[in-house]
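Derivation of every value follows stated rules applied to the coordinates shown; laboratory data play no part. Keep in mind it's a predicted model, so treat the numbers as computed, not measured. Positions of Cβ are backbone-derived with ideal geometry, glycine not excepted, and every protein chain shown enters the neighbour counts.
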Protein chains: 2
Amino acid sequence: MSRILSRRDFLRAAGAVGGSTAVFRAAAALGLLPAVAAARPQIAAIRKSRKVLILGAGISGLTAAYELHRKGYDVQVLEASFRAGGRNLTLRHGSRIDETGYPQVCEFDKDPDLFFNAGPARIPGHHQHLLEYCKELDVELAPFINDNRNAWVQDDAMFGGKPVRAREYLNDSRGFVAELMAKSIRKDDLTGPMSSADWEQLREYIRQFGELDPQFRYMGTSRSGLASHDYTRADVLKKPLSPSELMKSRFMFIMSFGETDDQAAMMMEPVGGMDRIVDGFMRQVGHLVQLESQVQKIRVKERGVDVTYRRNGEYVTTQADYVLNCIPVQLLAGVEHNFPKDFSTGLTAIPRGKLFKIGLQMKERFWEKEGIFGGISWTLQDIQQIWYPAHGIHRQKGVVLAAYTFDPRAGEKFARLSPPERIRLAVEQGSKIHPDYGKYVENGVTIAWHQMNHMLGCAAQWEPELFQRWFTTLQKPVGSHYLIGDQVSYHPGWQEGAIASAHHAIADIDARERLGNAVTA
Amino acid sequence: MSRILSRRDFLRAAGAVGGSTAVFRAAAALGLLPAVAAARPQIAAIRKSRKVLILGAGISGLTAAYELHRKGYDVQVLEASFRAGGRNLTLRHGSRIDETGYPQVCEFDKDPDLFFNAGPARIPGHHQHLLEYCKELDVELAPFINDNRNAWVQDDAMFGGKPVRAREYLNDSRGFVAELMAKSIRKDDLTGPMSSADWEQLREYIRQFGELDPQFRYMGTSRSGLASHDYTRADVLKKPLSPSELMKSRFMFIMSFGETDDQAAMMMEPVGGMDRIVDGFMRQVGHLVQLESQVQKIRVKERGVDVTYRRNGEYVTTQADYVLNCIPVQLLAGVEHNFPKDFSTGLTAIPRGKLFKIGLQMKERFWEKEGIFGGISWTLQDIQQIWYPAHGIHRQKGVVLAAYTFDPRAGEKFARLSPPERIRLAVEQGSKIHPDYGKYVENGVTIAWHQMNHMLGCAAQWEPELFQRWFTTLQKPVGSHYLIGDQVSYHPGWQEGAIASAHHAIADIDARERLGNAVTA
């Protein structure tokens, strides 16, 4: 049992799922947490000159720029990279991938359906603020398919490494477990009063959960898919998978993947790529964004903040009343600054994810011939996942996600390889799921987020103890300097977390302005 | 326990789910069923004149026309209605609803997103033939959202009739049941050898199923949704729903709705309406389809078939080498014919569904403010379901499905009312889920399939005994007359079933032509 991928591993990693539950339990135990409704801060228009410098044009920086600019703040955004968006990065024909050591150019065909979301790629229905911005910024949304019962599950430990359909893996497991439970459970064992009706209800729940027969035996189920789909003949069930093989499978968290808070259906994606959101913000505040301007020095003063940045080899120092800073903390730690000791220690205390992704342009949408029109196949190999596009259905070509490593060891392994070697490894592993995988590959892009320039890490890897020790320290402004970004949220790795951090900071600035200057009082 | 909606009720009704499992068990017990791969029949081109008359331009009729026409058969399609498509019916601005007694005209705004699929509305990824035709006929597909954990579950029996989110209903139920099971299950109770590792695996399965804590207690879960989404604070879990209230809920089949063979993610829908498929076929064979031509008499001869139909008040008799007939059996029984006794008895032996649907144009997409962007809310009231569109996200208006009755009693109840009364009832019931529901309604359409002209019934309600007694009788040709349609398939109510029936018939015709005429021998 040395390499079980538990749900917790998954939750921790890369913010692929918000690491909420464990965190809650630690915090809730303290009885500290009121239920708070999140609303977008309604900040007051400003009547006097207030210079705001935003460091980093990721989603949090763009959110802050958008909100403050329209209220009359004098906003400037400094972005180190040649592009805005931060980890919101969609790769398509001609995109540059600015990885240190391994710069790449995306060679996908020029085609609106051939793109790859290298960072965030899905939006749940309760990510209310992000969805509101999509609406406001005219970003068209389409359903995103996360869970697909027709996709594959592959584990070298079971069935000799042969993939099985997710529907068989899940539903045959349910069937066998339900049968065991039904055999074992006894009314007398249960504490507390339980009426006969309740007892029958419970048994019926188990029966339906596993789709057991009236004698509470698991005899197979059409939920696992039919042996044939010739609907002019009576349905033939597949033979259930061997329970002993199923028991060998070690990554059971996918059994409940579709139930997790941030991953449950239904989810959405912007039509044409996640960076349509960046485009939307840039239409509003692009004129305030200065690219290729790398921050060198931050000096918090009694009033305001001085920031020095380098642009075209020149050093420029500028003053601001407020600074909102979404530079990744691991990079910020290396910038010259005068932050208090505790704050600067915090900058280095939070590990970062090593999320790695590959996107491959496939010359044929071969997965559609397998009845897969979106969603995720899972494997315990390094690549961990294969995603199929649910846009461009039935077109000739498509881009698949060929690796998505939330296991940092796998991320490191891939990152050490050159891009062609990475693709070779991903194809080798993907071939265990789709035997002819390699023959469809036309070209690919690879993203090691912890090697990407101006980034050098993926989402912050908060743990309950880290939250407790460092979160407030980092979230609280230092003078007029605010740290923002998904890194200062309880949902790192999600754009909604980035937006929340920006809202938190601008609400505070607004309060200071109202109190200190009585603009609206 | 008088009105439990069991999964079986659901399966039976209206073909909303293919009624496969129960059927299989009866048939499989006989050991009769080989596993057969379904492939589209590769029929030979015809070199001599072969007149084929197709009765009914539903999906099966159009499929047969398309396949036979391109192989050189002389095809004519007679359709009684003013439109092709059969139960594949999309309603939009100006559509006529040809219900006997209650003709309606759809008053939705003229807008590509404002449509209502009154018949089939979703396509699973394994409905291979239908999907192939979509590709071939240039029908653009988009993901369809069936299951949505953010949607509502409402049952007067629980929580005083107040709706709860599907994610809470499902996951809190899982939590409580898992805790009970974990408490009750004992290793010694299980038959057969089980290693300690297996035992731990089983316990871990139960723990993850319910997301129990390390002591196997259910303490709530983020799967059920958070109390707030202010991601700048630690997550606050919702208080789990009361287990005793959950136990009162009687429609547990939705617990596994997303696992059922034909309903599991991911599913698709044609962009712009299901009738894009009809349009696609009609682009190919529309010139062969004669509308408003009602069949009056069918006379099977030693060779060929004579068919008399009425058009513009005239009676026309025409001869064909083959007839493929998708007239609903309950109507066909009333047509003058010379079918053998057994066959004609079969025509009246299969009951039909009374599926009823309402589509309402809403002046605002209020559900999106509730975090619902597609999928289904469930209720035990007559309306049974509310569907939200996953197309046109964030636009001003949308069309919701406001009733989908697979319970025939509810279908009858609605059908007896006038269209305004139907809408009033649906709004009254929908208001238990969305309190302000009524104020958004602009107009609506109502469809009682068992009162629709030229239809007078929804999908055939096959039961295991009926299949055994009648299926082969009805499927087998009478001379050169073939009964087709989803009514002669093991998946009635699904277009894939209709297509399968057409394929079955044309393969037989092809075989007869090859043998009888040695065209390709």
**Q.** Under-5 Å amide H pairs with B:Ala142, H placed in peptide plane, nonlocal only
**A.** B:Glu269, B:Val271
Q: Could you let me know the centre-to-centre spacing of the stretch B:123-195 and the stretch B:293-368, using Cα atoms, in angstrom?
A: 37
Q. If each Cα of the protein assembly as shown is one equal point scatterer, what is log10 of I(q)/I(0) from the Debye formula at q = 0.09 Å⁻¹?
A. -1.05
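What's the magnitude of the charge dipole for the stretch B:164-249 around its Cα centre, counting Lys and Arg as +1 and Asp and Glu as -1 at the beta-carbon? Answer in Debye, nearest 20.
The dipole of the stretch B:164-249 has a size of about 260 debye.
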Q | Positive-end residue, the stretch B:222-376 charge dipole about Cα centroid, Cβ charges, pick of B:Tyr231, B:Met362, B:Pro243 | A | B:Pro243
Q | Per-residue average of Cβ from other chains inside 10 Å of B:261-274 | A | 5
Q: Specify the inter-centroid distance of the stretch A:199-274 and the stretch B:222-270, based on alpha-carbon positions, in whole Å.
A: 16
Q: Sticking with the crude label model, points 7 Å out along Cα→Cβ, report the distance from A:Asp138 to A:Lys413 in nm, one decimal please.
A: 4.7
Q: With θ set to phi - 60°, apply the Karplus curve 6.51 cos²θ - 1.76 cosθ + 1.60 along the stretch A:363-380 and write out the HN-Hα couplings as whole Hz, x wherever there is a Gly or Pro.
A: 6, 8, 7, 4, 5, 5, 5, 8, x, 10, 10, x, x, 10, 9, 10, 9, 8
Q) What list of ³J(HN,Hα) couplings, whole Hz, do you get for the stretch A:447-458 from phi and the Karplus terms 6.51, -1.76, 1.60, once you set θ to phi - 60° and write x for glycine and proline? A) 10, 9, 4, 7, 10, 6, 4, 6, 9, 6, x, 9
Q: Determine which aspartates and glutamates satisfy two conditions relative to B:Lys239: a Cα distance under 12 Å, and not lying fewer than 8 residues away in the same chain.
A: B:Glu168, B:Asp172
Q.
Which of B:Met255, A:Met194 has the fewest other C-beta atoms within 10 Å, and how do the rest follow up to the most?
A. A:Met194, B:Met255
Q: Tell me which residues come under 5 Å, amide H to amide H, from B:Asp230 once H is placed; ignore anything under 5 positions away on its chain.
A: A:Ala38
Q: Compute the whole-percent fraction of alpha carbon pairs in chain A spaced more than 37 Å apart.
A: 36
Q: Could you compute the FRET efficiency for A:Ser228 and B:Tyr315, with r as their C-beta to C-beta distance and R0 at 60 Å, rounded to 0.05?
A: 0.85
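Can you put A:Arg514, A:Arg303 in order, fewest other beta carbons within 10 Å first? Don't skip to the answer; put the middle values down first.
On the way: A:Arg514 14, A:Arg303 9.
In order of increasing Cβ crowding within 10 Å: A:Arg303, A:Arg514.
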(Q) Name the chain A residue nearest the rotation axis between A and B, going by Cβ position, and give the distance in whole Å. (A) A:Pro143, 2
Q.
I'd like the trypsin sites (Lys or Arg not before Pro) in the stretch A:74-166 restricted to DSSP loop residues with at most 11 other Cβ atoms within 10 Å, sorted by number.
A. A:Lys110
Q: Only Lys, Arg, Asp and Glu count, each charged at its Cβ (+1, +1, -1, -1), so figure out the dipole size of chain A about its Cα centre, rounded to 20 debye.
A: 580
Q) Once the dipole of chain B is set up with Lys and Arg at +1 and Asp and Glu at -1 on Cβ about the Cα centre, which of B:Val307, B:Ala157, B:His93 lies farthest towards its positive end? A) B:Val307
Q | Charge dipole (debye, nearest 20) of the protein assembly as shown; +1 at Cβ of Lys and Arg, -1 at Cβ of Asp and Glu | A | 100
Q | Estimated distance in nm for a label pair at A:Thr308 and A:Ser431, the labels positioned 7 Å out from Cα along Cα-to-Cβ | A | 5.5
Q: Would you compute, from DSSP H runs of 4+ residues alone, the mean residue ellipticity of chain A at 222 nm, taking -39500 (n - 2.57) per run and dividing by the full residue count, rounded to the nearest 500?
A: -8500 deg cm²/dmol
Q: Note the full-extension length gain between B:Asp213 and B:Lys363 as 0.36 nm times their separation in residues minus their Cα-Cα distance, in nm to one decimal.
A: 49.5 nm
Q. Long-range amide H contacts for A:Gly85: which residues qualify at under 5 Å (H placed 1.01 Å from N, peptide plane, sequence gap of 5 or more or a different chain)?
A. A:Ala57, A:Gly58
Q. For the stretch B:392-403, what does the Karplus curve 6.51 cos²θ - 1.76 cosθ + 1.60, with θ = phi - 60°, yield as ³J(HN,Hα) per residue in whole Hz, taken in order and with x for Gly and Pro?
A. x, 3, 6, 6, 5, 10, x, 10, 9, 7, 9, 7
Q | Debye intensity ratio I(q)/I(0), log10, the stretch B:164-249, q values 0.13, 0.18 Å⁻¹ (C-alpha model) | A | -0.49, -0.79
